[in-house]
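The values are calculated or read from the model by the stated rules, or taken from the named source; none is laboratory data. Values in this document were obtained by computation on a predicted structure and should not be read as measured data. Positions of Cβ are backbone-derived with ideal geometry, glycine not excepted, and every protein chain shown enters the neighbour counts.
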Amino acid sequence: MALMTLEPHRPVQPEYLGIEIGGTKLQVVVGAARGNIRQRFRFAVERSLGAAGIRQQIERTLRELLPQTRAAALGVGYGGPVDWRTGQVCCSHHVEGWSDFPLGSWLQSLTRLPVAVDNDANVAALGEACAGAGRGSSPVFYVTLGSGVGGGLAIEGAIYHGATPGEVEIGHLRLDRTGQTVESRCSGWAVDRKIRALAAQQPEGLLARLAAEAAGSEAKVLQRALEQGDADAAQILRETAEDLAFALSHATHLIHPEVIVIGGGLSLLGEPLRAAVATALPRFVMDAFQPGPKVVLAALGEDAVPVGALLLAEQARGDARTEPHR
């Protein structure tokens with residue numbers, strides 16, 4: 001009689017859900033441990049429908065996904081101030097209808113899963129620190145340069161939190177006493193404004209001609225102008241990088257991160273932006289901290305928030321499993 005050999009039991013690996021709620025896009029992802037995305041749903045946000053339209057899309061997507069997954073927890077990166085302890089939204093600067101909404105409890109009622117909600121820049125910082133350009137370093141300071149400027153801090157693989165409803169709002173850091181902020185100087189719309197001003201002064205220049213093709217989104221042509229050696233583009237890059245480096249020097253003196261990660265749409269300028277910030281930063285940093293933190297470009301691109309959301313979900317599952325029974 002032949003002996004049967006039994007295969008060793010292999011536990012089923014849990015899956016996680018991640019959601020990015022932004023002002024222009026909504027992403028819902030399914031992934032495994034360590035933030036590995038295996039399935040993605042991406043939608044453009046229709047601002048005219050407000051927060052209710054976004055919630056309807058989330059609800060439809062989750063109802064479709066949940067029967068098909070082994071989801072063990074859900075993580076959310078929300079584009080605005082939020083109480084990370086309760087998941088309650090403070091407000092939105094982009095889409096109406098979010099103020100005081102109980103996002104965490106609403107998602108728990110839909111999914112019956114442990115849910116963790118945090119600010120999207122915090123979540124992106126977690127993603128880059130654990131699975132991106134900051135992997136293996138701590139603390140990791142993340143700054144995102146997009147339509148606005150946001151920041152996040154990860155220490156030993158966990159998001160740093162201050163008093164609710166937020167922290168690390170580097171975009172609102174003042175560069176002088178007149179009210180100039182990092183966001184007013186280094187955001188995408190600030191670069192748009194700088195390009196329009198220079199184009200008006202030099203209407204025959206290369207930057208002006210390129211900007212005419214991208215009215216309202218002039219920052220998108222900066223890289224092309226830089227590649228062609230345009231002096232006006234180089235001036236804008238230098239000014240923006242120096243303003244950002246000055247702001248990051250304050251973060252360096254207060255926190256002294258090992259790595260600073262630059263993300264967001266403007267980070268697509270790539271090495272010229274990174275090098276300009278890295279070159280300017282030591283000029284503003286005290287001697288004892290020289291040469292200052294390493295400055296790197298984000299590695300995850302538009303996946304920073306979804307990957308961070310999956311990592312947040314994984315942490316939420318662990319927290320739920322270790323809570324005492326009541």
Exercise. How about segment 162-188: which of its residues are acidic (Asp, Glu) and more than 14 Å from Leu266 (Cα to Cα)?
Worked result: Glu167, Glu169, Asp176
Exercise. Which residues, counting only those in segment 159-198, are among the acidic types (Asp, Glu) and farther than 30 Å from Gly87 by Cα?
Worked result: Asp176, Asp192
Exercise. Is it the case that Ser92 is part of a loop (DSSP other than H, G, I, E, B) and of a type in the set (S, T, N, Q)?
Worked result: yes
For this session: Quick one: which residue in Lys194, Lys220 is among the basic types (Lys, Arg) and in contact with a helix residue (DSSP H, G or I) (Cβ under 8 Å, 6 or more places away or on another chain)?
Result: Lys194
Problem set entry | The one condition in (1) within 29 Å of Glu167 (Cβ to Cβ); (2) free of Cβ contacts under 8 Å to residues at least 40 places away in the same chain that Glu20 fails to fulfil | (2)
Exercise. Looking at Arg55, Arg38, Arg42, Arg63, which is the one that is within 22 Å of Glu302 (Cα to Cα) and assigned to a helix (DSSP H, G or I)?
Worked result: Arg55
For this session: Keeping to segment 189-223, report how many residues are small (Gly, Ala, Ser) and over 21 Å from Ser267 (Cα atoms).
Result: 6
Seminar exercise, completed: Counting only residues that are touching a strand residue (DSSP E or B) at 6+ places or on another chain (Cβ under 9 Å) and basic (Lys, Arg), segment 70-113 contains a total of 1
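Yes or no, residue by residue, for (1) part of a loop (DSSP other than H, G, I, E, B); (2) at pLDDT below 95; (3) within 18 Å of Arg238 (Cα to Cα):
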site	(1), (2), (3)
Leu153	no, no, no
His161	yes, no, no
Val168	yes, no, no
Glu183	no, no, yes
Trp189	no, yes, yes
Ala199	no, yes, yes
Pro203	yes, yes, no
Leu207	no, yes, yes
